[in-house]
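To start, the structure under review is shown below, and the notes come after it.
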Amino acid sequence: MLVTTISLLLRILSNPIGNVFQKKLTEQNNHPLLVNLLTFSILGILCIVPALQQDWGQVSYLSWYYGVIAGIFGAVGNGFLVKALQGGDLSILGPINSYKSVVGILIGIVFLHEIPSIWGIIGIALIIYGSYFVLDTMKERFSWSLLKNKEIQYRIWAMILTAIEAVFIKKVILYSSTIVSFIFWCWFGAFFSFVLLFFFKVRLIKEIKQVKLHHLLTYGFLVLSIGTMQYTTNYVFSHMNVGYALALFQLSTIISIFLGYRIFKEQNIKKKLLGAVIMIAGSVVIILLN
């Protein structure tokens, strides 16, 4: 229980910190899909050492199958996420992710047979209600016109795709282990991120030339943050229902709001914090009553 709690806290902290580095890099003319590719690729290279220590003969073919599916959804979803952060407010885009727990629960019911309790549903409802206050700070306010905002559209696609990815990561964990699922996430994510460059006709050499020497430290911190985020995510998935875990991860919303305010000078902090407090209350309901 203690290790799971520590993993949960590390995941909550590392995710918004990673978003900050992603946003900084895209604001400095690093193409979102290149940022995505380099993050996965560097993590994939670092995974070579633990991969050599694995007995791959014992890894089920189903782990490879679900790993490929998770890799596709993860690469595309993270690509949309970085694109959203390029032009959107961190303190807005973070809370939108609260709906990810709903998608995760619905898909988890079908593929993992994880049925939420009434308290789990109440907790998730509070998280969604809290997101209303955050989204209501935008000029479109909490309305259907929000969907016309490109950054919101990118974030919604990222949320849906990474929620689906989460369910298949859990499948990999069930058929193998946390470490194998992390290695697959990095390797398949790198491969499909590379494929995306061709799909969107991104000129790789040209974009690599945009990466300056002073960007490398930021990439280093990004890789550390994203690596920590994903490994702790996998560990929590191995000890908890996916839908509940995705709901608890929304505690990172308050950190996203704070970082957006302090680093990028984003506004309407009080209303966003009110929404974050309500979302945290929903997470507490899930923690204490499940």
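Results, tabulated for the structure shown:
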item	result
Verdict on Gly227 being buried (at least 18 other Cβ atoms within 10 Å of the Cβ), modelled with pLDDT of 90 or more and either of a type outside the set (Phe, Trp, Tyr) or farther than 21 Å from Ala163 by Cβ (or both)	yes
Matching residues in segment 23-69 - criterion: being over 30 Å from Gly87 (Cα atoms) and among the acidic types (Asp, Glu)	Asp55
Some residue of segment 48-63 being over 12 Å from Phe184 (Cβ atoms) and surrounded by 18 or more Cβ atoms within 10 Å (Cβ to Cβ)	no
Scan of segment 110-142 for residues that are in a helix (DSSP H, G or I), at pLDDT below 80 and out of contact with any helix residue (DSSP H, G or I) (no Cβ under 8 Å at 6 or more places or on another chain), ordered by number	Val110
Selected residue [exposed (fewer than 15 other Cβ atoms within 10 Å of the Cβ), among the aliphatic types (A, V, I, L, M) and either under 17 Å from the mean Cα position of the chain (by Cα) or closer than 29 Å to Lys201 by Cβ (or both)] from Ile69, Ile45	Ile45
Members of segment 233-253 that are modelled with pLDDT under 75 and of a type in the set (Val, Ile, Thr)	Thr253
Hey, Pro32 touching a helix residue (DSSP H, G or I) at 6+ places or on another chain (Cβ under 7 Å) and under 18 Å from Thr232 (Cα atoms) or not	no
Selected residue (only one of Tyr219, Tyr231 is in contact (Cβ under 8 Å) with a residue 40 or more places away in the chain and closer than 16 Å to Leu8 by Cα)	Tyr231
Only listed residue being of a type in the set (Val, Ile, Thr) and under 28 Å from Tyr261 (Cβ atoms), chosen from Val3, Val35	Val35
Filtered residue count, segment 53-81, keeping only those that are in a loop (DSSP other than H, G, I, E, B) and touching a residue at least 24 places away in the same chain (Cβ under 8 Å)	3
Sole residue being buried (at least 23 other Cβ atoms within 10 Å of the Cβ), under 21 Å from Arg155 (Cβ atoms) and touching a Phe, Trp or Tyr at 6+ places or on another chain (Cβ under 8 Å), chosen from Asn30, Asn19, Asn15	Asn15
Ile107, sole failed condition from (1) touching a helix residue (DSSP H, G or I) at 6+ places or on another chain (Cβ under 6 Å); (2) assigned to a helix (DSSP H, G or I); (3) at pLDDT below 85; (4) within 18 Å of Ser283 (Cβ to Cβ)	(4)
Spans of helices (runs of 4 or more DSSP H) in segment 143-215 with at least 2 residues buried (at least 23 other Cβ atoms within 10 Å of the Cβ) and within 22 Å of the chain's Cα centre (by Cα)	150-175, 178-199
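The values are calculated or read from the model by the stated rules, or taken from the named source; none is laboratory data. Bear in mind the structure is a predicted one, so any value in this text is a computation, not a measurement. Positions of Cβ are backbone-derived with ideal geometry, glycine not excepted, and every protein chain shown enters the neighbour counts.
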